[in-house]
Structures are given as C-alpha cells and as structure tokens.
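Let me begin by presenting the structure, written as structure tokens, before commenting on it.
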Amino acid sequence: MADPEPHIAQKSPIKVRLEAGKTYYWCACGHSKNQPWCDGSHRGGPFRPLAYVADADGEKWFCACKHTATKPLCDGTHRKL
Ligand code: FES
C-alpha cells in the first residue's frame, strides 16, 4: 500500500529561531494551523508529529509542504510540487 500523502500547508519553508536542547514537534500531516508545528490536527489520521531536538541556538528552515526527504527540514522539494 502506498504511503499516505500529507497535505501541502504551503509551498515554501518557514524560518524558525531555535533554542539549543529544546524539543520541537513538527507537523507531518500538513493540517496544523500553527505551522510548522503540530497543533493536534492530525488526530484520527495516519500521521504523527516528528520530534526534533535543536542541537544549537540558531535559525533553520522547516518544511511546510510536508514532502521533504530531510524531515523536518526543507530540502527544496516544494519547488517541484
Ligand atoms: S497537526 Fe500535523 S502532525 Fe500534528
């Protein structure tokens, strides 16, 4: 059976300022209203959020098209959707 397709929240990544050691929960289903983070909207569906622990303070681009191969970070896939 094919993997379920996530919803495309938007076709561009979201820049986030991270704190070292903090855990973030990335929305994998694409339905959260609080992108790129999980807000519980996945309930009842096949997706679960992905925990991401920041290894350093700084900014990173998180995937919002939900089709990246380097979850939860953007790999440019949104340009091909
Ligand atoms: S709301 Fe999308 S994974 Fe939780």
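Bear in mind that the values in this text are calculations on the coordinates, not laboratory data. Just so it is clear, the structure is predicted and the values come from calculations on it, not from any experiment. Ideal geometry is used to build each Cβ from the backbone, glycine not excepted, and the neighbour counts take in all protein chains shown.
Observations on the model:
- Rh by Kirkwood over Cα pairs, then Stokes-Einstein D for the chain at 0.890 mPa s and 25 °C, µm²/s: 192
- Within straight-line cross-link reach of LYS60, aspartates and glutamates at Cα separation under 15 Å, skipping those fewer than 8 residues along the same chain: GLU19, ASP75
- Highest mean packing comes first when the peptides 62-69, 47-54 are listed by Cβ atoms within 10 Å, giving 62-69, 47-54.
- With neighbour counts taken as other beta-carbon atoms within 10 Å, the residues SER12, SER41, SER32 rank, fewest first, as SER12, SER41, SER32.
- Euclidean distance between Cα centres, the range 18-41 to the range 65-81, Å: 15
- Under the convention that each Lys and Arg Cβ holds +1 and each Asp and Glu Cβ holds -1, the size of the dipole of the chain around its Cα centre is about 220 debye.
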